[in-house]
Amino acid sequence: MEYREIGTSGIKASSIALGTWAVGGGPWWGDSDDEESVRAIRAAVDAGITMIDTAPAYGFGHSEEVVGKALRGRRDRVVLSTKCGLWWNNDRGSFKFEQLGRRVHTCLRPETLAVEIETSLKRLDTDYIDLYMTHWQAVEPDKTPIEDTMTALLKMKDAGKIRCIGVSNADVSHMKEYLASGRIDSNQLKYSMLDRDIETEKVPFCIKNRISIQAYSPLEQGLLTGRIGMDYRLSDTEYRNLIPWFKPENRKKVLDMLDGWKPLAEKYGCSIAQLVIAWTAGRPGITFVLCGARKAAHVMDNVKAAGITLETGDTARMTMDVESLQDAV
Ligand SMILES: NC(=O)c1ccc[n+]([C@@H]2O[C@H](COP(=O)([O-])OP(=O)(O)OC[C@H]3O[C@@H](n4cnc5c(N)ncnc54)[C@H](OP(=O)(O)O)[C@@H]3O)[C@@H](O)[C@H]2O)c1
């Protein structure tokens, strides 16, 4: 496993990270088996994954609680990353979505952040968070100035509650504003071989300013493992409905492309998921590949990608296939 620094924080974490959104369960992912999730998280730590990512919004606190339980006795072996800024205690902030009778708002006010950090520490059963980030950026009508949010985060850092500050889903203008009032070390952004929009502006900006990127949904929610076939039926509520690649006509093209990589997988003695993760980890500016999993077998598959270095010709071939696919949809 390779261990990379989070920005300039001095904190190093595994280049393959574990995401626990699905661990929270709920309509977007379906029910989770908590005992299985605990086994998956512990398997990750035992296999050398040190970065574990969660958020209060994942199952309305449930993911954080399960992560806290899984890490009991293991806390000092991990770099824990969680988030703030999705708020459902009352109507403060700007409305974002409603689920299970809760109205969730984007809210980055200092007074709600002060509540959120204490709640996360409690759920995670710890007294510090290694990387604390703003989950979604504030929008009108309740748009807290970034300077005010940053002041609140710096106060937490001074108090020893968080070790470094990050952002998520932040564009270049947000990052510039954060940097004007303090230091951010990481941006958690959507990135997969099928969704490379961030390469144009965000990646160059992050490289220049030594801000790590945690690439989220790198497996396009499982599609890029090749294990979700044409026969997979999406339930009405699952999040994958929002990903155009899951539409049957697009899914078929992705699966055909992955099928064409079987000889490559044989050459490296690896799975398709490992090929995809290795490709992603090798992209410029991508510091951490944040793979979601709630099954130990999936974690163990993904972690092995760390041992694979793709030859330049193979990387180029995969990139070419992906670009031809994008031209075809
Ligand atoms: N900041 C944000 O706004 C944001 C948004 C989305 C995600 N994230 C973070 O990024 C993480 C990863 O993204 P994601 O969970 O959306 O998607 P992902 O990592 O692209 O895919 C996760 C899905 O792939 C399956 N999977 C993983 N490894 C597999 C393997 N080797 N073989 C077969 N299936 C496998 C998982 O199954 P099982 O669950 O059954 O193991 C799960 O269904 C999240 O968990 C979260 O921490 C952040």
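Overview of results
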| quantity | calculated |
| --- | --- |
| Formal net charge of residues neighbouring V167 (Cβ-Cβ distance under 12 Å; K, R +1; D, E -1) | +1 |
| Violating pairs (Cα-Cα greater than 25 angstrom) within the set K190/K252; K252/K304; K122/K202; K96/K253; K12/K155 | K252/K304; K122/K202; K96/K253 |
| Sites E35 and R103 - FRET efficiency at Förster radius 30 Å, r taken between beta-carbons, to 0.05 | 0.45 |
| Anisotropy class of region 217-320 from Cα gyration tensor, a/c 1.5 cut | prolate |
| Per-residue ³J(HN,Hα) for region 33-41, Karplus 6.51 cos²θ - 1.76 cosθ + 1.60, θ = phi - 60°, Hz, x for Gly and Pro | 9, 4, 5, 5, 5, 4, 4, 5, 5 |
| Exposure proxy ranking, count of Cβ atoms within 10 Å, fewest first, for D127, D33, D185, D195 | D127, D33, D195, D185 |
| Residue order, fewest to most beta carbons within 10 Å, for T319, T126 | T319, T126 |
| Fraction of antiparallel bridges per DSSP, the chain only, in percent to nearest 5 | 30 |
| Dipole in debye (nearest 20) - the chain, about Cα centre, beta carbon charges: Lys, Arg +1; Asp, Glu -1 | 500 |
| Linear extension gain, I207 paired with D127, 0.36 nm per residue minus alpha-carbon span | 25.7 nm |
| Amide H contacts under 5 Å for D130, placed H, 5+ residues apart | L80, R163 |
| Cβ-based exposure ranking for M257, M300, M320, in which fewest neighbours within 10 Å come first | M320, M300, M257 |
| Rg/Rh (Cα only; Kirkwood hydrodynamic radius) as it applies to the chain | 0.95 |
| Neighbour net charge for A152 - beta-carbon separation under 13 angstrom, K R +1, D E -1 | -2 |
| Span from the region 300-326 Cα centroid across to the region 103-146 one, whole angstrom | 36 |
| Amide H partners (placed H, <5 Å) of S186, local residues excluded | V167, S212 |
| Positive minus negative residues near G73 (Lys, Arg vs Asp, Glu; Cβ under 13 Å) | +3 |
| Positive-end residue, the chain charge dipole about Cα centroid, Cβ charges, pick of V45, L100, G85 | V45 |
| Relative packing of peptides 15-23, 141-149 - highest average C-beta neighbours within 10 Å first | 15-23, 141-149 |
| Cα gyration tensor shape of region 75-220, rounded if a/c is under 1.5, else prolate or oblate by comparing a/b with b/c | rounded |
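Any read-out appearing in this document is the output of simple, stated calculations on the displayed coordinates, not a laboratory observation. As the structure is a computational prediction, the values presented were derived from the model and not from experiment. We place every Cβ from the backbone using ideal geometry, glycine too, and count neighbours over all the protein chains shown.
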